[in-house]
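Each remark here refers to the structure printed beneath this line.
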Amino acid sequence: MHLPLSARFPMEGTVSGHHKSPHRGSSVEFAEYRNYVPGDDIRRLDWRVFGRTDRFYLKEFEAETNLRCYFVLDCSGSMGFSKAGQSKLEYAKKIIATLAYLTIHEGDAIGLICVGEKALIEIPPRRNPAHLKLILDTLLNAKPHGETGLVPVMHDLAEKIRRRAVVIVLSDFFCEPAPLMSCFQHLRFQKHDLALFHLLDRAEVMFQFDRPMRFVDMENNFSLVTEPAGIRDEYLRQLNLFLEQMRAGAHEFGVEYRRVITDENYEKALGSFLVERAQA
């Protein structure tokens, strides 16, 4: 996989790169004309336009900058769930590791925040290749535990990041929808490019259990013994309502939302993410 991670919106970086900036610069991508003002660099005058209009105009170009990407990994207890195969957390780690490798090899900066009941680990963005090893080692050691503190961490992140950045959140988002929507709005208000990978196990989506079972909350150990057939319709109704609220809320605030089932090939999910961003 050789597609770079592209930003959907202009970014603010510290060095030149291949992502659009909100500022004007000297790249090859033309943006607009503006009137000549005494003191401007005459090398940027468009003499063809002068020949047609007898007026001086300067060419403005899109500046290009590097990208800073923050990965937010939900390490709460529910991310350890798996009925068969890899857990949601393991799936998320693969996506982050691949994106981190691609991003840092494009000369862009990557950071990582692991979230449990609070921000467990915060690694600020760096763009040197040695930084990648720190990210990968941290991912390797991340374990699912406790309740999620995703909402306060995302609000805190929106205030901490001073320059526009890409923020990619990987979680099952087992929180109340209204506080999550407030997080989305906060990050987008600060001009950050927010993308969500909503990770779900197929057993959570299908709920095809055929005998009485004890269901245990992996975040607070609450348990319930019940007959799945008796609650399946209501469970699926509530789940679909939650998923629709997530999709609609993300759309409302201009957030990229991708629902992923963890038995799907992660390379396929990641490939479609990168291709759609490159075409945006």
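Of all residues in the range 151-164 being in a helix (DSSP H, G or I) and of a type in the set (D, E, K, R), which is nearest to residue 75 (Cα to Cα)?
156
Residues 209, 189: which one is of a type outside the set (Gly, Ala, Ser), at pLDDT 90 or above and in contact with a helix residue (DSSP H, G or I) (Cβ under 8 Å, 6 or more places away or on another chain)? Even if it seems obvious, please write down each step before you answer.
On the way: 209 fails: at pLDDT 90 or above.
Residue meeting the stated conditions: 189.
Could you identify the single residue in 209, 242 that is on the phi < 0 side of the Ramachandran plot, in contact with a Pro (Cβ under 7 Å, 6 or more places away or on another chain) and in a loop (DSSP other than H, G, I, E, B)? I'd like the intermediate steps shown before the answer.
Working: 242 fails: in a loop (DSSP other than H, G, I, E, B).
Unique residue meeting the criteria: 209.
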(request) Report whether or not residue 148 is polar (S, T, N, Q) and either outside the structural domain of residue 222 (by TED's automatic domain parsing) or in a helix (DSSP H, G or I) (or both). (result) no
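Matching residues to (1) surrounded by 19 or more Cβ atoms within 10 Å (Cβ to Cβ); (2) closer than 24 Å to residue 274 by Cα:
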{"position": "173", "(1), (2)": "yes, yes"}
{"position": "177", "(1), (2)": "no, no"}
{"position": "187", "(1), (2)": "yes, yes"}
{"position": "191", "(1), (2)": "no, yes"}
{"position": "207", "(1), (2)": "no, no"}
{"position": "215", "(1), (2)": "no, no"}
(request) Tally the residues that are under 29 Å from residue 83 (Cα atoms) and surrounded by 15 or more Cβ atoms within 10 Å (Cβ to Cβ), restricting the search to the range 268-278. (result) 4
(request) With respect to residue 167, determine if the residue is in a helix (DSSP H, G or I) and on the phi < 0 side of the Ramachandran plot. (result) no
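Which fully enclosed strands (runs of 3 or more DSSP E) of the range 66-133 have 2 or more residues being without any contact (Cβ under 8 Å) to a residue 60 or more places away in the chain? Explain how you work it out, then say what you get.
On the way: elements: 68-74, 109-115, 119-126.
Where strands (runs of 3 or more DSSP E) fall fully within the range 66-133 and carry at least 2 residues being without any contact (Cβ under 8 Å) to a residue 60 or more places away in the chain, they are 109-115, 119-126.
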(message) Step by step: first the residues of the range 243-253, then only those that are out of contact with any strand residue (DSSP E or B) (no Cβ under 8 Å at 6 or more places or on another chain) and either of a type in the set (Lys, Arg) or surrounded by fewer than 15 Cβ atoms within 10 Å (Cβ to Cβ) (or both), then the one that is nearest to residue 202 (Cα to Cα). Which residue is that?
(response) 244
(message) For the condition among the hydroxyl-bearing types (Ser, Thr, Tyr), farther than 20 Å from residue 89 by Cα and in the same structural domain as residue 241 (by TED's automatic domain parsing), what is the one hit in 171, 182?
(response) 182
(request) Go through 78, 82 for me and flag whichever is over 18 Å from the mean Cα position of the chain (by Cα) and crowded, with 20+ Cβ neighbours inside 10 Å. (result) 78
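Can residue 233 be described as acidic (Asp, Glu), assigned to a helix (DSSP H, G or I) and surrounded by fewer than 19 Cβ atoms within 10 Å (Cβ to Cβ)? Let's see the steps before the verdict.
Details: acidic (Asp, Glu): yes; assigned to a helix (DSSP H, G or I): yes; surrounded by fewer than 19 Cβ atoms within 10 Å (Cβ to Cβ): yes.
Judged against the criteria, residue 233 is a match.
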(message) Scan the range 256-267 and tell me whether some residue there is over 19 Å from residue 94 (Cα atoms), within 15 Å of the chain's Cα centre (by Cα) and surrounded by 11 or more Cβ atoms within 10 Å (Cβ to Cβ).
(response) yes
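The values are calculated or read from the model by the stated rules, or taken from the named source; none is laboratory data. Note that the structure is a prediction, hence the values are computed from the model and not measured. Note that we place each Cβ from the backbone using ideal geometry, even for glycine, and neighbour counts take in every protein chain shown.
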